Each structure stands twice: as structure tokens, then as C-alpha cells.
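Since every read-out is calculated from the coordinates, none of them should be taken as a lab result. Fair warning: this is a prediction, and the values are worked out from it, not measured in the lab. Note that we place each Cβ from the backbone using ideal geometry, even for glycine, and neighbour counts take in every protein chain shown.
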Amino acid sequence: MSQDQDSFLYALSSNNAWAGYKAHQNPNFFSKLASGQTPQILWLGCSDSRCPETTILGLQPGDVFVHRNIANIISPTDINTSAVIEYAVVHLKVKHVVLCGHSACGGAAAALGDTRVGGVLDTWLTPLKALRHAHAEELDAIKDNGVRAVKIAELNVEAGVKVLMANYSIQDAIEERGLEVHGCLFDIASGRIKDLGFGTKGGRGIGANGAGENVVKGKHAQLVFRGGNASMTVR
Ligand SMILES: [Zn+2]
């Protein structure tokens, strides 16, 4: 996209080209999509423009049910997050709930700084700031800003997974049909998603350290998580 081009008009023309390409590639693609959704993954991630879940997973429309907010904060009293979780887990019956933080998160950086962002943002980031204070010694010992931001992002995912594991809809689904909960981190600089080992399988699931593999099947492609890395095969 050139700088003098209107970004919205460019996006619309890009959409037009994409829709044409997809329909050419698979004439049934959109009619199949329009008939309903059966996603296997609920993705809870950050709103950051560099973390578009379906794209970075190498999946397709229809594969991932999504809730994203600033700094992927999971609060039990947030009715927005809770409604998305309930719909995905109870009604769509997804097989995986993936909470994914990321490197270079602006929310993490804001929580690490002592300055106020202003407006409603400071309120939203309060849980992250509380984590920052609770782990001050550990975080302050890390001299590199980027590494420190990754650390608080990991602590945030750990805290979020605990909230997810305390959610009754999720607890019932784990018990009744083996729902899996994963806590992950997306490294923007490499494009790789790493399993942090929190959640139902303690790291033996998505991207675990060589302990087997985990296959997530989308409609048009499948992701194989093996040895800390994910690879995609198109079916
Ligand atoms: Zn972020």
C-alpha cells in the first residue's frame, strides 16, 4: 500500500481481489462458509494489528472463533470476554481454547512504565499493573526492556489461564468432553507461537517441547504443533 493511497479504499479493493481469488480457487468456498460455522478453536488474544489470529495460524475464515482485547486481559467480570467464551464453549463446542499473548505488546509496556496512559486505558490495564507490582523483583531484575515485556506478557497469560480454568463453562467442557486450554505466546519477530505450558495439558499440547504432536484441523488446512513449532498443511 502506497502512502498516498486511502487505506480504507485500498482495503476494499484488496477485499474484492481476495474474494475473487478465493472463489476462483474453490468455487464452493463462500457458499460453504455461509452455511454455518464449526470452528474448533477459540482464540483469546491481543487487539494488536500484528497478531491477526487466523493469518498467523495459517488457517481460514470459519476455523477460529475470536475475542481480542488490549493486552489479552481475561477478567472474570468482563461480560464481553465471558459471553464469547460461553458461546464458543457451550454452543459451538470448540475443542481448544487458546489464550495467546505476544512479544512487544504495548499494553505490557504501558503496565511496566510508571506513567499514566490516560482515559479508560489505565483502568483496563489495572490487572496487568497489579501483576507488575506482584512480580516487581523478578521483572526489575531483567535489564532488557524487550525481555521484560515478554516476561510480563507470559505472567499475564498465566494469570489469564487461571481465570479460564476457574470458568464453569470451561470446567464442565473439560470434564465432559476433554476441552483443552492452552496458554501461548506469539513472538512477532519470528512469527512463531510457543506453548507456555499452562492450561489443561501442562505443555503437552500445542507447541509443547517435543512431547508428541497436536493436530488442529481447519476446513481447508491443518496445523501440526510439534516440538515447540507449528507447521501447516493445506488439505
Ligand atoms: Zn498486545
Is the shape of the range 1-142 best called rounded, prolate or oblate, per the rule: a/c under 1.5 gives rounded, else a/b larger than b/c gives prolate, else oblate, with a ≥ b ≥ c the square roots of the Cα gyration tensor eigenvalues?
oblate
Taking amide H positions as placed 1.01 Å from N in the peptide plane, with prolines and chain starts having none, which residues 5 or more places from residue 97, or on another chain, fall under 5 Å of its amide H?
42, 180, 181, 182
Can you tell me the length gained on complete extension of the stretch residue 87 to residue 9, counting 0.36 nm per residue apart and subtracting the Cα distance?
24.7 nm
If amide H atoms are modeled at 1.01 Å from N in the peptide plane, then the residues at a separation of 5 or more from residue 102, or on another chain, having amide H under 5 Å from its own are 186
Treat the count of other C-beta atoms within 10 Å as a stand-in for reagent exposure and order 114, 140, 195 from fewest to most.
114, 140, 195
From the cross-link list 129/201; 143/201; 95/194; 95/151; 93/151; 95/201, the entries with a Cα-Cα span beyond 23 Å are 129/201; 143/201; 95/151; 93/151
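May I ask you to sort 8, 186 by Cβ crowding, counting other Cβ atoms within 10 Å and putting the fewest first?
Working: 8 8, 186 25.
Fewest-to-most Cβ neighbours within 10 Å comes out as 8, 186.
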Please list, in chain and number order, the residues 5+ apart from residue 196 or on another chain whose amide H is under 5 Å from its amide H, with Hs placed from the backbone.
183, 184, 185
Residue order, fewest to most surrounding Cβ atoms within 10 angstrom, among 124, 18, 43:
18, 124, 43
More than 20 Å apart - percent of Cα-Cα pairs taken over the range 66-158:
40
Relative contact order (percent, whole number), the range 37-208, Cα cutoff 8 Å, 6+ residue spacing
23
With just the Cα atoms defining each centre, how far is the range 148-164 from the range 50-105? Give it in Å.
15
What list of ³J(HN,Hα) values in whole Hz, one per residue of the range 179-184 in order, does the Karplus curve 6.51 cos²θ - 1.76 cosθ + 1.60 (θ = phi - 60°) give from phi, with Gly and Pro shown as x?
3, 10, 10, 10, x, 10
